[in-house]
1. Please give the number of the condition residue 166 fails out of (1) in contact (Cβ under 8 Å) with a residue 24 or more places away in the chain; (2) of a type in the set (A, V, I, L, M); (3) in contact with a helix residue (DSSP H, G or I) (Cβ under 6 Å, 6 or more places away or on another chain); (4) open to solvent by less than 20 Å² (accessible area, probe 1.4 Å).
2. Quick test for you: out of 148, 93, pick the one residue that is among the polar types (S, T, N, Q) and at pLDDT 85 or above.
3. Just wondering, is there one or more residues in region 78-85 that are crowded, with 19+ Cβ neighbours inside 10 Å and in contact with a Ser or Thr (Cβ under 6 Å, 6 or more places away or on another chain)?
4. Exactly one condition in (1) in a loop (DSSP other than H, G, I, E, B); (2) closer than 15 Å to residue 104 by Cβ; (3) small (Gly, Ala, Ser) is not met by residue 182; state its number.
5. If you check residue 50 against the conditions, is it open to solvent by 40 Å² or more (accessible area, probe 1.4 Å), hydrophobic (A, V, I, L, M, F, W, C) and at pLDDT 90 or above?
6. Any residue that is within 16 Å of the chain's Cα centre (by Cα) and either of a type in the set (D, E, K, R) or assigned to a helix (DSSP H, G or I) (or both) - is there at least one of those in region 78-95?
7. Of the numbered conditions (1) over 24 Å from residue 77 (Cα atoms); (2) surrounded by fewer than 20 Cβ atoms within 10 Å (Cβ to Cβ), residue 161 satisfies every one except a single condition; which is it?
8. Residue under question is residue 143, and the condition is that it be under 30 Å from residue 58 (Cα atoms) and open to solvent by 90 Å² or more (accessible area, probe 1.4 Å); does it hold?
Amino acid sequence: MDGVNQTAVTEYVLLGLHEHHNLEMVLFVLCLGIYSMIVLGNALLIGLNMLDPRLHSPVYFFLCNLSLMDICGISSFVPLMLVNFLETQSTISFPGCTLQMFLTLALGSTECPILAVMACDRHVAICQPLQYSEFMSRQTCMWMAALSWGTGFANSLLQSTLTWSLPFCGHNVINHFCEILAVLKLACGDISLNALLTMVATTVVMLAPLRLICLSYVFILAAILRVPSAAGWKKAFSTCSAHLTVVVVFYGTTSFMYFKPKAKDPNLAKIIALFYGVVTPSLNPISCSLRNTEVKAAAIALLRGDLLSREMSRLKNL
């Protein structure tokens, strides 16, 4: 097909809400506040995990991975979005769009196996507590995390490479931000291979971990039902509630985003996408860690200066 190759496009126009300037100002303040809360909250969780030995366990190690994913994921598009709220036309350069698409897909693909690994961790902790330290050793956790990150980034690299190898005919208007489905709509060639790869990747990267999570909780539920005391039930449920909350939030919002009926109002669709991209990551530190008693105790110790003084003493003794 005759057309202009993708290299002829130097920037992409992002359709915002410029016809509703007052709404953009409200969203600017709201998104700036949420973005600051996400970065500071997740950075606090990572810092507490590094400073407090009580948090040096597999469950908090994987929570730190989630926190790092949230920081990187939201930082891949929110700062530019905040700048575009203040401008008359929203644009992003071709390299910037490429990087944004790669990072959002890579981090989203990484979160699924991380959640599955966390479910396996809870399964071992409840069903095989005597072998927990053996099965969930530091080395095993490092390999699980590395495999999860590697799977997500490999999937993104493959899909991004195939996407940008398609012929583009000069179309450069994107509805929300640079994510793979929006970019594929700009291609003027055959995208059947890309569609097939997306379907396979969704099955492997999203649905396979979800099946593993469900299977883990079947065994967990069976183990809980064998516990005779109500106190044991409560302890087991409290151990899993934080992880279950993150799973429901992640898969629920993802399913709603990609399987919802097409909105009649395009501006409503943009606000829904904004909620999915900005608000959802803010729920992870709130629902998963900040309500945990051990994390609260570590935060109080940090405010009192105990953690820092303890770390300084440790460094002096090295």
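1. It fails just one condition, (3).
2. Just a single option satisfies the conditions, and that option is 148.
3. yes
4. Residue 182 satisfies every listed condition except (1).
5. When the stated conditions are applied, residue 50 does not pass them.
6. Filtering region 78-95 down to residues within 16 Å of the chain's Cα centre (by Cα) leaves 78.
Filter once more, so that each one left must be either of a type in the set (D, E, K, R) or assigned to a helix (DSSP H, G or I) (or both): 78.
Yes.
7. Going through (1) over 24 Å from residue 77 (Cα atoms); (2) surrounded by fewer than 20 Cβ atoms within 10 Å (Cβ to Cβ) one by one, residue 161 breaks only (1).
8. Criteria met by residue 143.
The values are calculated or read from the model by the stated rules, or taken from the named source; none is laboratory data. Note that the structure is predicted; figures quoted are calculated from it, not measured. Positions of Cβ are backbone-derived with ideal geometry, glycine not excepted, and every protein chain shown enters the neighbour counts. Accessible surface areas use protein heavy atoms only, side chains included; no ligands, DNA or RNA. Shrake-Rupley method; radii C 1.70, N 1.55, O 1.52, S 1.80 Å.
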